[in-house]
Structures are given as C-alpha cells and as structure tokens.
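The values are calculated or read from the model by the stated rules, or taken from the named source; none is laboratory data. As the structure is a prediction and not an experimental result, all values here were calculated from the model. Note that we place each Cβ from the backbone using ideal geometry, even for glycine, and neighbour counts take in every protein chain shown.
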Amino acid sequence: MSKWYDKYLSIYGKSFDKIPDGLLDQIQIQLAGKQNANPLVSVVVIAYNEEKRLTACLWSLSELQSKYSIEILGVNNNSNDQTEKVYQRLGLPYFNEEKQSPGYARQCGLNHSRGKYHFCIDADTFYPPHYVDLMMDRLTRPNVSCVSSFWSFFPDEHHSRIGLFLFELARDSFLYLQHFKRPELCVRGMVFAFNAEFARKVEIRTNIRRGEDGSLALSLKPYGKISFLYNRKARPVTGYGTLSEESLLKSFINRVKVQMKGISRVFYKKEFYEDCEDNLM
C-alpha cells in the first residue's frame, strides 16, 4: 500500500548531486510559490550535515496546503557537507549559524522569522500536506502557548510496518500518560510549534546538547498550556536518528529501562530541572 511520503523516500539518503535537475526545479518553483511577504506562520528548517536528507524534507514542505500566509526559512548549522548548496539550489532563504547546537540553530531561525507563529522543522523529516493547518487549529486556541504532535518512522528492511506500529503505540501511550503532569517531557523539536512573541520573551537553551525543545516548552507554560495533537493527518514521518539501528525489540527494551527510572514523575508536576553534566556544551 502506497503512503503519502513514498515519493519523498525516493530521494531520501541520496547524494544531492544524484537528484535530477528537473525535480530540483520543481521543488524550487513550489517553494517560491509558498513564500508570503507578510507571513502569519514561519516554517523554519534547521540542518546540520543533512545534504542527503534535506531535499526530501523541503520537497514535502513545498507541497504544504495551508489557508494561512507562510514563509519557509532554512538554517545551516555549521555544516561541512553540501547542506548549504541544497538551500542555494532550491532558492530557499536561509541563514548560517556557526555556533554548534540545536539551540543556536533554533534561536537563529527565531531571530530571522517574521511570523506570529513559529514551526520547528527537522531536516530529516517529511511533513504531511495539512500539517500546518492542523497544528494551527490548536495553537490559535485561547490559553495555548505551544503545540506538539506525535511522529512516526518510515518502515525499511530492518523495521517492519507492523513492528513500527506496535513500537509507536507503546511509545505514544506512555507519552499520553506522561503529558498530564509533565507535558514538557513529551515535546520533540521536529513536531513543535509555538507563539513566537512568547518565545522571544524567554530563552531557547543554547548550552545543552539535547532538550532545548522541552526546555522552551517549560518556559512557555506561564503564557499558556502545552497542547498535544493526536491526529494522524498531522503526523510527520522521520528516519532513525532517534531510534538508532538496533532492532525494534532491543530499542523498546532499552527505552523501557530508561523510562522506568523515576517513573513516579508521571504523578506530579515539576517546574525546574537540574542539568546533567553530560548534556552541557
């Protein structure tokens, strides 16, 4: 059975030089057609050494269907491959951030975006056509400061469709349980959108290797709740950077072991988290 993202997979992982010029021209034209001079929504892609995945991501963004005025921007986070060349060839407005970390990259994107609402996009991920509008339906509600969605992995020769379904079902069930008291721990940068005005009043952490997304969500709580979207039509699809190349069973067992440590956290709220030494830049 074909999926909406199958065509993006056809170039995912390919060297940029191997992608046909005709397709690159098509993506360039479609991206240009999405740009609005007065955007309400900023869709901002961050990329570090994503030459082989970025084009597929931008192809999916070029086919977004939205009733809102949007802009699509890129951030090249000090890459040493052809990531910048991808942005240039596809004509996407982008900015170079030489300081290394997802936090610096996301802050760079926020500094240059113009929309009232800001969507974080990861370069190794595909986004469904109605993603923006479905997220905006939550984000524009009263007393909401930010929204996060769930996400899926695409199946391959090492990860079966049914295996991924079961893995994601278990993961999503746990995140759903956790979000009642600790919503900030359920936020992931690839599926995160927020009110840009509120975000500019707080801090995007730039001194940590991971967790800048959840930290920002926590900082936004005084401005409104963290909302979650469970609609499968708003579910991006990504590769295995966060899952590793282990078998699904082994990944599941390892994650259960990690999550069971301090499992009591799902029963109470927390407004401050101590930094781990190995997570500091």
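Numbers below:
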read-out	value
Selection from segment 115-147 of residues that are of a type in the set (Lys, Arg) and either farther than 16 Å from residue 193 by Cβ or touching a Leu at 6+ places or on another chain (Cβ under 9 Å) (or both)	116, 138
Members of segment 97-121 found to be more than 18 Å from residue 71 (Cβ to Cβ) and either in contact with a helix residue (DSSP H, G or I) (Cβ under 7 Å, 6 or more places away or on another chain) or without any contact (Cβ under 8 Å) to a residue 40 or more places away in the chain (or both), listed by number	98, 102, 103
Exclusive hit being closer than 23 Å to residue 125 by Cα, in contact with a Gly (Cβ under 8 Å, 6 or more places away or on another chain) and not hydrophobic (A, V, I, L, M, F, W, C), set 255, 235, 210, 205	205
In segment 166-188, the residues that are in contact with a strand residue (DSSP E or B) (Cβ under 9 Å, 6 or more places away or on another chain) and either assigned to a helix (DSSP H, G or I) or without any contact (Cβ under 8 Å) to a residue 24 or more places away in the chain (or both)	167, 168, 175, 176, 183, 184, 186
Top-ranked residue of segment 146-165 - restricted to ones that are in a helix (DSSP H, G or I) and in contact (Cβ under 8 Å) with a residue 24 or more places away in the chain, ranked as farthest from the chain's Cα centre (by Cα)	163
Top-ranked residue in segment 206-235 [being assigned to a strand (DSSP E or B) and not hydrophobic (A, V, I, L, M, F, W, C); ranked as farthest from the chain's Cα centre (by Cα)]	225
One residue from 148, 113, 101 being crowded, with 17+ Cβ neighbours inside 10 Å, under 24 Å from residue 214 (Cα atoms) and modelled with pLDDT under 95	101
Qualifying residue in segment 18-41 (condition: more than 19 Å from residue 72 (Cα to Cα) and in contact (Cβ under 8 Å) with a residue 24 or more places away in the chain)	yes
Residue list for segment 190-205, restricted to those being buried (at least 18 other Cβ atoms within 10 Å of the Cβ), part of a loop (DSSP other than H, G, I, E, B) and out of contact with any Ser or Thr (no Cβ under 6 Å at 6 or more places or on another chain)	204
Selected residue [among the basic types (Lys, Arg) and modelled with pLDDT of 95 or more] from 161, 138	138
Test: residue 124 is surrounded by 18 or more Cβ atoms within 10 Å (Cβ to Cβ), of a type in the set (Asp, Glu) and either within 25 Å of residue 147 (Cβ to Cβ) or touching a helix residue (DSSP H, G or I) at 6+ places or on another chain (Cβ under 9 Å) (or both)	yes
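Listed here are the residues, each with its yes/no results for (1) farther than 21 Å from residue 47 by Cα; (2) charged (D, E, K, R).
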{"position": "168", "(1), (2)": "yes, yes"}
{"position": "182", "(1), (2)": "yes, yes"}
{"position": "190", "(1), (2)": "no, no"}
{"position": "198", "(1), (2)": "yes, no"}
{"position": "212", "(1), (2)": "no, yes"}
{"position": "228", "(1), (2)": "yes, no"}
{"position": "237", "(1), (2)": "no, no"}
{"position": "252", "(1), (2)": "yes, no"}
{"position": "268", "(1), (2)": "yes, no"}
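For every residue, the table says whether it meets (1) under 26 Å from residue 114 (Cβ atoms); (2) modelled with pLDDT under 95.
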{"residue": "167", "(1), (2)": "no, yes"}
{"residue": "193", "(1), (2)": "yes, no"}
{"residue": "203", "(1), (2)": "yes, yes"}
{"residue": "211", "(1), (2)": "no, yes"}
